[in-house]
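*Asks:* The structure is given below, and queries will be raised subsequently.
Every number here is computed from the coordinates shown, using simple stated rules; none is lab data. Everything quoted here is computed from the prediction, not taken from an experiment. Virtual Cβ from ideal backbone geometry, glycine too; neighbours counted across all protein chains shown.
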Amino acid sequence: MAGCFFVPACASDMGAIVEVSNDSGVVMKKEGYQYKQLGSKYFVRLDKDSEIVSALKEICRENNITAGAITGLGAIKSVTFGFFNPETKEYKEKTFNDYMEITSLIGNVSQKDDEVYLHLHMNASGKDYKTIGGHLVKAVVSATSEIIIDTADGNIGRKFSEEIGLNLFDF
């Protein structure tokens, strides 16, 4: 990550990453989120109006994370889920625009065509306490979201399976 940091005076430059040191160590800040690395884990806090999937991809790119696991929770105001139909080999997407609590966010980090590939699933509960969920396509934070990326040394790839219709782990 050497060379990727900017001094605070440049923080307004198109989403520059700002390294801030405090009593608890180094915190990386960027518009929409901040994170701190402790060992192999990145503790991420997403701000209101941030989009979860794109922010996590950006953090993985910035830190050359090529393999890992993701867990999280928080509050959202919009979410798009996908449901994969194995017969048609297609995803059907549905968007929900309502305030909800993320009751579970899980997934993994891998690589496809030398790019970050996130496979995420989420459950969210609304004011009626009913839960919806599926493959996470997009979610916008309403208050905050706390996510942990647990990295692993190495690289896990992805390869498209014609038979199944999905990008599978490629060992």
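*Asks:* For segment 72-141, which trypsin sites (Lys or Arg not before Pro) are in a loop by DSSP, counting at most 14 other Cβ atoms within 10 Å?
*Replies:* For trypsin sites (Lys or Arg not before Pro) across segment 72-141 that sit outside H, G, I, E and B with at most 14 neighbouring Cβ atoms in 10 Å, the list reads Lys89, Lys127, Lys130.
*Asks:* By how many degrees, 0 to 90 and rounded to 10, does the Cα axis of helix 52-62 deviate from the longest principal axis of the chain?
*Replies:* 50
*Asks:* Kindly put Ile17, Ile70 in sequence by how many other C-beta atoms sit within 10 Å of each C-beta, fewest to most.
*Replies:* Ile17, Ile70
*Asks:* What order do you get for Thr131, Thr80 when you list them from fewest to most C-beta neighbours inside 10 Å?
*Replies:* Final ranking by Cβ density, sparse to dense: Thr131, Thr80.
*Asks:* Can you give the longest run of the chain that contains no GluC sites (Glu not before Pro) sitting in a DSSP loop with at most 13 other Cβ atoms inside 10 Å?
*Replies:* The longest uninterrupted stretch comes out as 1-86.
*Asks:* Given contacts defined as C-alpha pairs under 8 Å and at least six residues apart, what's the relative contact order of the chain, whole-number percent?
*Replies:* Relative contact order here is 24 percent.
*Asks:* In the structure shown, do any of Lys29/Lys112; Lys36/Lys77; Lys29/Lys57 have a Cα-Cα gap over 21 Å, and if so which?
*Replies:* Listed pairs above 21 Å: Lys29/Lys112; Lys36/Lys77.
*Asks:* Sticking with this one: Mind telling me which of Ser21, Ser125, Ser50 comes out most flexible in a GNM of the chain, alpha-carbon contacts under 10 Å?
*Replies:* Comparing Ser21, Ser125, Ser50 in a Gaussian network model of the chain, the most mobile one is Ser21.
*Asks:* Could I ask something else about it? Quick check: pseudo-label points 7 Å beyond the Cα along Cα→Cβ at Val137 and Asp49, how many nm apart are they?
*Replies:* Between Val137 and Asp49, the simple spin-label model gives 2.4 nm.
*Asks:* If you don't mind, another one. Long-range amide H contacts for Gly74: which residues qualify at under 5 Å (H placed 1.01 Å from N, peptide plane, sequence gap of 5 or more or a different chain)?
*Replies:* Under 5 Å from the amide H of Gly74 lie the amide H atoms of Ile102, Glu146, each far enough along the sequence or on another chain.
*Asks:* Using 7 Å Cα-to-Cβ label points, what is the Phe83/Glu162 separation (nm, one decimal)?
*Replies:* Spacing of the two 7 Å Cα→Cβ label points: 3.0 nm.
*Asks:* Now for a different question. Compute the Rg to Rh ratio over the chain from the alpha carbon atoms, using the Kirkwood formula for Rh, and round to two decimal places.
*Replies:* 0.99
*Asks:* Right, something else. By how many nm would the segment from Thr71 to Asp98 grow when fully extended, if each residue of separation counts as 0.36 nm and the alpha-carbon distance is taken off?
*Replies:* Result: 7.5 nm gained on full extension.
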